[in-house]
Structures are given as C-alpha cells and as structure tokens.
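The values are calculated or read from the model by the stated rules, or taken from the named source; none is laboratory data. As the structure is a prediction and not an experimental result, all values here were calculated from the model. Please note: Cβ atoms are built from the backbone with ideal geometry, for glycine as well, and neighbour counts cover all protein chains shown. Heavy atoms of the whole protein, side chains included, go into the accessibility calculation; ligands, DNA and RNA do not. Shrake-Rupley method; radii C 1.70, N 1.55, O 1.52, S 1.80 Å.
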Amino acid sequence: MEKMAKRDYYEVLGVSKNASSEEIKKAYRKVAIKYHPDKNPNNKKEAEEKFKEAAEAYSVLSNPERRQRYDQFGHSDSSSRYYDGTSEGMNMEDIFSSFGDIFGEAFGERGFGFGGKRSIKGNDLRIRVKLTLKEISQGIEKKVKVKRMKVAPGVLLKKCDICNGSGNVTHFTNTFIGRMRSTSLCKKCQGVGKIINYLPKGANSQGLIKEEELVSIEIPYGLFDGVHLKVYGKGNEAPFGAGDPGDLLVLIEEMPHKNLKREGHNLHYDLYISISDAVLGSFKEIPTINGKVRVQIDSGTQSGKTLRLKGKGLPYFESKKYGDLLIHVNVWTPKKLTSEQKYFFEKMKNAENFIPKPSRLEKSFFEKVREMF
C-alpha cells in the first residue's frame, strides 16, 4: 500500500522556516499539549499519530545539524532515526524518554513522568494593620506579633521508602501502541522525597510547631485603606522544611481622623465661623496632619466658601507630589438671641448692605456640586 506523503516539519509545528530554536520549542509544547492522548479520550488514535508526528518534527528541527540537512534535502535524508519516512519506529515511551524536559515544562509535575522532587511552599498568613492618617502620610515601620508555624527543633527526616527519595512513583501501562510510562507524586511523602524519622513533643505530623515572632513591617507612605502589602518569607514554614516559607499578607486599615476627612489624596475640613467673623474677618487655627496652621478669614466671607491649602493633603505613593487641604467655611447662625441682639438685627434687616446681592463670581450650590462631580 502506498504511504501518504509526509507533511513539512515546519507546517507540523506551525512555525516559519526562519523560526528560532526557542520558537520551535514553544510550538512543539503547544502541539504536544493539544494532541496528548489523555486530552483526546474520544479520538486517541488520531491524537497519538499527531503527537508522534510533532515529536518527529521536533527531533529534527531542534537539532541544528539535522535541521540543516532537512532544509537542504527535505524528507529524503535518512541519517536520523526519525527519517525513515514514517513514525512507525517511534513509540510513546521513546518520545517521553527523549523529550522529558519539554514535557515537564509543558505539563508540570503531573506531565509525562518527569517531575522531580516537589518543593512545597508554606501557607501564607494574613493580618490587619491599623494606620492613622499621619502614619499614612509619613510611612512607618510597624512591629507586630505573628504566630507562625515553624519546623520544630529536633525534627529528623529520612528518605521515603516508597519513592526512594525521588518524590515520584513511576507506573507502566501496556497499550496497543506499546508500553507507556507515567509518573505521579508519591502519596506517602507528598512529593518531598523525605518522611519524618523522629517527631519531637509538641510538633504536628508535618514536623511543625506554632511560635510567636515579632515581625517588622516597612510601610511606605501614601497608601490607601484596603491595600495589601506582602512580607516575603514571614508566613508558615513549609512542612518538613522541604520548601520556602509562605508570605505574610498585610491588609492596611485606615483609622478615621477626628477632624479631617480623606478624599483620595486631598483632605477636607469643615470650619464653622460666627456671623461676626464672616462680616469683620478674623484668623482661625486649622488642624492638619502635622499640626495646626493659621489661616485668614476675609471680611465679607460667604458661607460655603472653600479655602485651599496647597500641599497640605496626603502624599502620592512613592512620589514627592501632595494633595491639598480643602477648608469648607460654614457661617454659623445663632438659634437664640438676646433682646439686644434681636433689636440690632431687626434694625439691620432692611439695611442696604444686608440685602443678599450675589455677584457672578460667587457660585451657586448647584455649580459647586457640578464642579465636584
């Protein structure tokens, strides 16, 4: 029976003839994942052929000498074990053995049996840290007590007797295309390759014990409520000490200020002044994050006027830029008057300069709201 014409190797992997070795490698991983028999249970036979075809193409194009000969002579060259014109000389086990590093990268520990020992990372821990506006504006180093799981002193380990310290268990299965090999994590040691030989008192089954530690957290300036910081390596240690410790995740919680309200990087303050201060003018002390400042209230100040103190707000994260402090002036109207005060205001009721005559420069309430949004 006449054999079908072999497809061009570059076409099989979906790359150009000028593709780099890294592009060829990535393309092969992609095709291998797509046509792996386990991912095509309803069409295994065709998937296996495609899989083997891709492996044959990669075996040639990944080798500079073979690739050069192929570019020159095409499929007519017969100096390679994969140049026999078919994929009949290849079985799945040959492919796995030849390109285990490629499959390991594509499929991880559970790929085609080339995982190596498993490195287990410890669990992350989460805490909340409350900050005042002043601490947020300046940045601060906080020292907090954290209860972490650590490897107990005196824990002794030994090589796992099931996987012989490899962390993996290899299985062989006979199939119609030959003997297939697969690898899975060792259930006894969970892929670590070691098991407990001696467990000191107080330690759990993973050789860990809970201890309190004082952890220093560097908090930069300009953060917001709800931001997460990460302190690397200050979570729980890995079981059996077989990997890196987890991280400490710090949730920033902003404490409300007594007088100031935050809006982004700007701060707001409500200033209440008397009618006399509004009419005659005065000086007022205004609280800021870093102490008080003295501001002038001009005579004839209207209720609702906003004063802006440049740079008296909060800093931008990792920047020299600052927000502003906005002072909202509210003229306080007394609810009770003495007879003398009442007489004075009755006399002023129809005075020419007491009649409201807003100028074009004085914005209405709706204009101010529109500017805010």
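For the reader, a short list of remarks on this structure follows.
- Those residues of region 237-251 which are buried (at least 22 other Cβ atoms within 10 Å of the Cβ) and among the acidic types (Asp, Glu), in sequence order: GLU237
- Here region 154-192 is the region considered, the condition is being open to solvent by 100 Å² or more (accessible area, probe 1.4 Å) and either in contact with a His (Cβ under 9 Å, 6 or more places away or on another chain) or not polar (S, T, N, Q) (or both), and the residue that is farthest from ILE252 (Cα to Cα) is PHE176.
- Candidate set from region 284-307 (those that are part of a strand (DSSP E or B) and surrounded by fewer than 12 Cβ atoms within 10 Å (Cβ to Cβ)); member that is nearest to the chain's Cα centre (by Cα): GLY291
- Any hit, region 308-317, residues being touching a residue at least 12 places away in the same chain (Cβ under 8 Å), open to solvent by less than 50 Å² (accessible area, probe 1.4 Å) and in contact with a Pro (Cβ under 8 Å, 6 or more places away or on another chain): no
- Remark: pairs (first residue in region 212-224, in contact (Cβ under 8 Å) with a residue 60 or more places away in the chain; second residue of a type in the set (S, T, N, Q) and not in a strand (DSSP E or B); Cβ separation under 9 Å; 6+ apart in sequence or on different chains) = TYR221/SER137; TYR221/GLN138; GLY222/SER137; GLY222/SER319.
- Where a residue in region 268-286 is under 17 Å from HIS257 (Cα atoms) and its partner, wherever it lies, is surrounded by fewer than 17 Cβ atoms within 10 Å (Cβ to Cβ) and of a type in the set (S, T, N, Q), with Cβ under 8 Å and at least six apart: TYR269/ASN259; ASP270/ASN330; LEU271/ASN330
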